[in-house]
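Structure, as structure tokens:
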Amino acid sequence: MVGQGGVLNAASFTRDGLPGGGIARGGMFVVFGQGMGPAVLVQSSAIPLTTELGGVSMTVTVGETSVTPFLLYASSGQLAAV
């Protein structure tokens, strides 16, 4: 479950709506919450990055557009993607 306000720009950890808080297409972002992935952190170790890591995948929807981001790492409380 994603925490309230739990999606942040990975470069600044600033919330959306504040200067530096937006997430640009192709930008790295983090998602904070609970029970989102494996108990022990799993990180990508190869390029190209994949859209599934440690049994986790996500879909990001903005308006009517949905994309499946590439995952960098995943754990129960935090995901990072591009």
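The values are calculated or read from the model by the stated rules, or taken from the named source; none is laboratory data. Note that the structure is a prediction, hence the values are computed from the model and not measured. Note: areas computed on protein heavy atoms with side chains; ligands, DNA, RNA excluded. Shrake-Rupley method; radii C 1.70, N 1.55, O 1.52, S 1.80 Å.
Over the C-alpha atoms of the chain, the Rg to Rh ratio, Rh being the Kirkwood estimate, stands at 0.95.
Largest GNM mean-square fluctuation among G27, G37, G17, using the chain with Cα springs under 10 Å: G17. Residues considered: G22, G33, G63. Largest GNM mean-square fluctuation over the chain, using C-alpha springs under 10 Å, is found at G63.
Considering only protein heavy atoms and a 1.4 Å probe, what is the carbon-and-sulfur percentage of the accessible area of the chain? Answer for the chain: carbon and sulfur cover 58 percent of the accessible area.
Taking all protein chains into account, the per residue accessible area for the chain stands at 65 Å² (1.4 Å probe).
Pick from F70, F32, F13: which is most flexible by mean-square fluctuation in a GNM of the chain where alpha carbon atoms under 10 Å apart are linked? For the chain, modelled as a Gaussian network with Cα springs under 10 Å, the answer is F13.
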